[in-house]
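Asker: Attaching a single structure in structure tokens format; questions to follow.
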Amino acid sequence: MRGRALITGPTAGIGNAFARELAKRGHDLVLVARDTARLEKIAAELREKHGVAVDVITADLTTDDGLAAAVNALTDTSHPVDLLVNNAGSSIAGWFGTTDIVEEDRHLDLMVRAPMHLMDAAIKAMAGRGHGEIINVASVAAFTPRGTYSAHKAWMVNLSRWAHMQYSDAGLTIMALCPGFVRTEFHQRMGADTSTIPRWMWLKADKLVKAALKDLDKGKSLSIPSVRYKVLATISQYAPKSVVMRAAKRGR
Ligand SMILES: NC(=O)c1ccc[n+]([C@@H]2O[C@H](COP(=O)([O-])OP(=O)(O)OC[C@H]3O[C@@H](n4cnc5c(N)ncnc54)[C@H](OP(=O)(O)O)[C@@H]3O)[C@@H](O)[C@H]2O)c1
């Protein structure tokens, strides 16, 4: 028997690939996003195909009510969640300092406040039971300073690595997943032009998820799928700061 997994943002992209792979492996699921019709469609498909139980929660994670609904699912002792995938995310077109600060606030709520609340609830519930796993979907952008998006992802990597160490004795594995470019709805939703991104830089969501789950099984605190992004992430972490900043200036 596999446990129950809660995934935020399973209606598209990386979250959708997690939902499909985890259902295939026999996990019951709780799916959290804003689009009810898409949630119901995926849930019906996964129940039918894999015979797993799938609950859906329609929630905007930037709202108090939406966040509370997801937290409630994590603290429900009658249906314990064994794996949290903190994945929902988006980006804003334009650089900090030129964007609307109200939009930046909403972005911060989705990228930092929501995963922080969900992690808090999950750690407390899982530590009480002596086991549990959390995947925080960050980005290789965490390693190169580029506006608020990369700052939010750097926060996520930093907190995940510490929490992994802090709660390993309590039976928890907490891993930051740092993808490079992945073909999803992400860039289209933010209105970004991706035509200049070379083909070799694109990852497939299903392969990314398989690699991430492999790293989670090994108990890693940081997962950077694919050799090319392992190399790029190493360069951005250890190259001279001036070189990294020059690369960062060239855009995202
Ligand atoms: N694609 C990339 O190149 C890439 C690279 C590195 C990291 N990432 C990270 O990977 C994660 C997933 O991104 P993706 O590429 O799969 O993007 P995506 O295809 O646009 O999917 C985003 C998911 O997040 C959900 N979502 C967005 N805003 C939400 C909100 N306010 N409340 C609840 N759910 C919300 C969306 O569902 P609804 O619209 O139904 O709410 C959707 O299911 C993000 O954290 C992103 O930063 C992506």
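The values are calculated or read from the model by the stated rules, or taken from the named source; none is laboratory data. Worth saying up front: this structure is predicted, and the values here are computed from it rather than measured. Using ideal geometry, Cβ is built from the backbone for each residue, glycine included, and neighbour counts are taken over all protein chains shown. Accessible surface areas use protein heavy atoms only, side chains included; no ligands, DNA or RNA. Shrake-Rupley method; radii C 1.70, N 1.55, O 1.52, S 1.80 Å.
Asker: How large is the dipole of the chain about the Cα centre if only Lys and Arg carry +1 and Asp and Glu carry -1, each at its Cβ, rounded to the nearest 20 debye?
Answerer: The dipole of the chain has a size of about 1380 debye.
Asker: Now for a different question. Of the heavy-atom accessible surface of segment 109-252 (probe 1.4 angstrom), what whole percent is carbon and sulfur?
Answerer: Details: 4210 of 7520 Å².
Summing carbon and sulfur atoms, their accessible area is 56 percent of the total for segment 109-252.
Asker: Specify the angular offset, from 0 to 90 degrees and rounded to the nearest 10, of the alpha carbon long axis of helix 13-24 from the longest principal axis of the alpha carbons in the chain.
Answerer: 30 degrees
Asker: Shifting gears a bit: What is the helix-to-structure angle for 64-75, meaning the angle in degrees between its Cα long axis and the longest Cα principal axis of the chain, kept from 0 to 90 and rounded to the nearest 10?
Answerer: The two axes meet at around 60 degrees.
Asker: At q = 0.18, 0.26 Å⁻¹, what log₁₀ I(q)/I(0) does a Debye calculation on the Cα points of segment 13-83 give, no solvent, two decimals?
Answerer: With one equal scatterer per Cα and no solvent, log10 I(q)/I(0) is -0.69, -1.27.
Asker: In degrees between 0 and 90, to the nearest 10, how far off the longest principal axis of the chain does helix 205-217 point, with axes built from Cα atoms?
Answerer: That helix lies at roughly 70 degrees to the long axis.
Asker: Next question, about the same structure. What Kirkwood radius, in Å to one decimal, follows from the Cα pairs of the chain?
Answerer: Here the Kirkwood hydrodynamic radius works out to 18.5 Å.
Asker: Run through every distinct alpha carbon pair of segment 14-159 and return the Kirkwood hydrodynamic radius in angstroms, one decimal place.
Answerer: Its Kirkwood hydrodynamic radius stands at 16.2 Å.
Asker: Once you sort the root eigenvalues of the Cα gyration tensor of segment 161-201 as a ≥ b ≥ c, which label holds: rounded (a/c under 1.5), prolate (a/b larger than b/c) or oblate (the other case)? Could the numbers behind the result be given before it?
Answerer: Values: a/c = 4.83, a/b = 3.13, b/c = 1.54.
Verdict is prolate for segment 161-201.
Asker: So how do Tyr167, Tyr238 rank on accessible area, 1.4 Å probe, biggest first, that is with the largest at the start?
Answerer: Accessible-area ranking of Tyr167, Tyr238, largest first: Tyr238, Tyr167.
Asker: Going by the alpha-carbon gyration tensor, a ≥ b ≥ c the square roots of its eigenvalues, is segment 181-245 rounded (a/c under 1.5) or, if a/c is not under 1.5, prolate (a/b greater than b/c) versus oblate?
Answerer: On the way: a/c = 2.19, a/b = 1.07, b/c = 2.04.
Oblate, since a/c reaches 1.5 and b/c is not below a/b.
Asker: Also: Taking amide H atoms as placed 1.01 Å from N in the peptide plane, list the residues 5 or more away in sequence, or in a different chain, whose amide H sits under 5 Å from that of Val56.
Answerer: Counting only residues 5 or more places away or on other chains, the set is Leu31.
Asker: Ranked highest first by average number of other Cβ atoms within 10 Å, how do 110-121, 170-181 line up?
Answerer: Top of the packing list down: 170-181, 110-121.
Asker: Moving on to the next point. Counting only heavy atoms of the protein chains, get the accessible area per residue of the chain (1.4 Å probe) and round it to a whole Å² value.
Answerer: Heavy-atom SASA per residue in the chain reads 50 Å².
Asker: Still on this structure, please answer the following. Gap in Å between the Cα centre of segment 185-252 and the Cα centre of segment 38-67?
Answerer: For segment 38-67 versus segment 185-252, the Cα centre distance is 28 Å.
Asker: Pop out the carbon and sulfur fraction of the accessible area of segment 1-92 as a percent, whole number, probe 1.4 Å.
Answerer: Working: 1860 of 3880 Å².
C and S fraction of accessible area: 48 percent.
Asker: So for the pair Met165, Glu103, with labels modelled 7 Å out along Cα→Cβ, what separation do we get in nm?
Answerer: 3.8 nm
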